[in-house]
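Everything on this sheet refers to the single structure shown next.
Each reported figure results from applying straightforward, stated rules to the coordinates on display, with no laboratory input. Worth saying up front: this structure is predicted, and the values here are computed from it rather than measured. FYI the Cβ positions are ideal-geometry reconstructions off the backbone, even for glycines, and counts take in every protein chain you see.
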Amino acid sequence: MTRFRDPHNILVTGGAGFIGSNFVRYVLNNNPDVHITVLDALTYAGNINNLNGLPEGRYTFVHGNICDADLLDTLIPNHDTVINFAAESHNDNSIAQPDIFITSNIVGTFTLLQAVARHHIRFHQVSTDEVYGDTDYHDRSKFTQFSPYHPSSPYSASKASADMLVQAWIRTYGVAATISNSSNNYGPYQHVEKFIPRQITNLLSGRRAKLYGEGKEIRDWIAVEDNCSAIWQIVLHGTIGKTYLVSADCEKSNRDVLHSILRLMGRAEDDYDAVSNRPGVDRRYALNSDEIRKEFGWKPEFSNFEAGLQDTIDWYAQHEEWWQSSKQATEQKYAKEHH
Ligand code: NAD
Ligand code: DAU
């Protein structure tokens, strides 16, 4: 195993988004000797308030874009590790307007790779199970790190492209990089456009829950803190050049997840609207995460999905000021797309 020096001064791109901000909080709370610089463009999905309450003096915020090569050249040499969370992350948006996904997800990753190659800095790419495409609803097989890439949406194609650039920069330029592909995350600070927070905030704001199609699609859910702990273990102990799959083995149909939310929020199971499905929708995602479990002994800590959902409902109920301002704009956009 190639071992890089332990990270102490980390550049986290996209650290004002959902997973990035949870990761910054996780690392700073568990590692008193680590300093983090967050680089974030603060798109509609980024919120600087996601970083409120972090230990003083332990992080610096830089407002900027991962496509800005000059900015990267000034920032990156002062760090020992770069972890890239920055991306456009929502499938529905990628179908309506793919251009920005090509720019931020592909050109952005390319620009970061060029910079870490110039400055010989350790790099970790945060990616998704969606690069492997889907399986049939009733299939029991799971994707492994050796499965072929077969992305379906503009978003997943852009993430697959970015992963392939990382693989090429490892092999051709010797960049010391790893990749993690995780399943669907849920938890605090997730934008209200995404499935679970959208339903919770619909019910909290007097709207009706919205299920795409018949809700047969299967997603493999993981608490965001478990993805953060996995990424941190990979950054600390990962073998350079390797891809690690991160999953908590929690496959659920969208309909079952919605039923749980409705039940936990005191509603009848049929108290929702069925709306039009996503064009080209992926049927089932499922990942085999044996490798990271065997290699580092990583395992998810939050394996009770219903308890995790209840905590997430409580968080959104207690943080209405956090989501209220983006809720109306999100719902107006969905209304135009018939979702
Ligand atoms: P998010 O949309 O909540 O946050 C993305 C962040 O990146 C935002 O703060 C945004 O301002 C920033 N950003 C976007 N473009 C940028 C640019 N060009 N330069 C600098 N900053 C930019 O996304 P998320 O759900 O937290 O996802 C983070 C990463 O994890 C993404 O790469 C995503 O593909 C991947 N991922 C997400 C999930 C999931 O379930 N949410 C699962 C697997 C992988
Ligand atoms: O699998 C990992 C991926 O998970 C990440 O790479 C993406 O960044 C992240 O957004 C997520 O993608 P999905 O498309 O799986 O998540 P989303 O929350 O958009 O939708 C989950 C499922 O729920 C999907 O089948 C569509 C459906 N859905 C979504 C919304 C917003 C509904 O039924 N109703 C809704 O209102």
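Using a cut-off of under 18 Å, list every residue of the stretch 240-257 whose amide N is near the label point 7 Å from the Cα of GLN167 along the Cα-to-beta-carbon line.
Residues 240-246 fall inside that zone.
What is the antiparallel percent of DSSP beta bridges lying wholly in the chain, to the nearest 5?
Looking only at bridges with both residues in the chain, the antiparallel portion is about 10 percent.
Tell me, what is the Rg over Rh of the stretch 161-220, with Rh the Kirkwood radius over Cα pairs?
Numbers: Rg = 18.1 Å, Rh = 14.9 Å.
Rounded to two decimals, Rg over Rh is 1.22.
Do the sum for the chain: with -39,500 (n - 2.57) for every DSSP H run of n ≥ 4, divided by all residues, what is the mean residue ellipticity at 222 nm, to the nearest 500 deg cm²/dmol? Present the calculation step by step, with values, prior to reporting the outcome.
On the way: 11 runs with 131 residues, N = 339.
Computed mean residue ellipticity for the chain: -12000 deg cm²/dmol.
Can you tell me the Rg and the Dmax, both Å, for the Cα atoms in the stretch 148-287?
17.7, 57
Using a Förster distance of 35 Å, how high is the FRET efficiency between VAL275 and ARG140, based on the Cβ-Cβ distance and rounded to 0.05?
Details: r = 29 Å, r/R0 = 0.84.
Efficiency for this residue pair is about 0.75.
Please return the longest range in the chain lying between exposed loop sites, taking chymotrypsin sites (Phe, Trp or Tyr not before Pro), DSSP loop only, at most 13 other beta-carbon atoms within 10 Å, and leaving the sites out.
Details: sites that count: TYR137, PHE146.
Maximal segment without exposed cleavage sites: 147-339.
Determine, for MET164, MET265, the number of other Cβ atoms within 10 Å of each Cβ, and report the residues in order from fewest to most. Intermediate results must be reported in sequence, preceding the final value.
Working: MET164 14, MET265 17.
In increasing order of surrounding Cβ atoms, one gets MET164, MET265.
Kindly provide the GluC sites (Glu not before Pro) of the stretch 227-324 that DSSP labels as loop, not H, G, I, E or B, and whose Cβ sees at most 16 other Cβ atoms within 10 Å.
Values: sites: GLU251, GLU269, GLU291, GLU295, GLU301, GLU306, GLU320, GLU321; in loops: GLU269, GLU301.
Sites meeting the loop and neighbour criteria: GLU269, GLU301.
Past the 37 angstrom mark, what percentage of all C-alpha to C-alpha distances in the chain do you count?
Numbers: 7297 of 57291 pairs.
When all Cα pairs of the chain are counted, 13 percent exceed 37 Å.
Under the rule of at least 5 residues apart or a separate chain, name every residue whose amide H is placed under 5 Å from the amide H of LEU211.
For LEU211, whose amide H was placed from the backbone, the distant partners under 5 Å are ASP273, ALA274, VAL275.
Taking the Cα atoms of the stretch 44-170, what is the range of coordinates along each of the three principal axes, in descending order and whole Å?
Between the extreme Cα coordinates on each principal axis of the stretch 44-170 lie 51, 33, 29 Å.
What are the trypsin sites (Lys or Arg not before Pro) within the stretch 72-176 that DSSP puts in a loop, where the Cβ has at most 15 other Cβ atoms within 10 Å?
Details: sites: ARG118, ARG122, ARG140, LYS142, LYS159, ARG171; in loops: ARG140, LYS142.
The qualifying sites are ARG140.
Regarding the stretch 213-339, what is the average projected area of its C-alpha convex hull, in nm²? Show your work: numbers first, answer last.
Details: hull surface 39.5 nm².
Over all viewing directions, the stretch 213-339 projects a mean Cα-hull area of 9.9 nm².
What is the set of long-range amide H partners of ASN9 at a cut-off below 5 Å, with H atoms built 1.01 Å from backbone N?
Distant-sequence amide H within range of ASN9: HIS35, ASP80, THR81.
With just the Cα atoms defining each centre, how far is the stretch 155-194 from the stretch 205-224? Give it in Å.
23 Å
For the stretch 199-249, what is the per residue volume of the convex hull drawn over the alpha-carbon atoms, in cubic angstrom? Walk me through the numbers before you get to the answer.
Numbers: hull volume 6.1 nm³, N = 51.
Output value, Cα hull per residue: 119 Å³.
Based on the alpha-carbon gyration tensor of the stretch 128-191, what equivalent-ellipsoid semi-axes (square roots of 5 times the eigenvalues) come out, in whole Å, largest first?
Over the Cα atoms of the stretch 128-191, the ellipsoid semi-axes are 23, 17, 12 Å.
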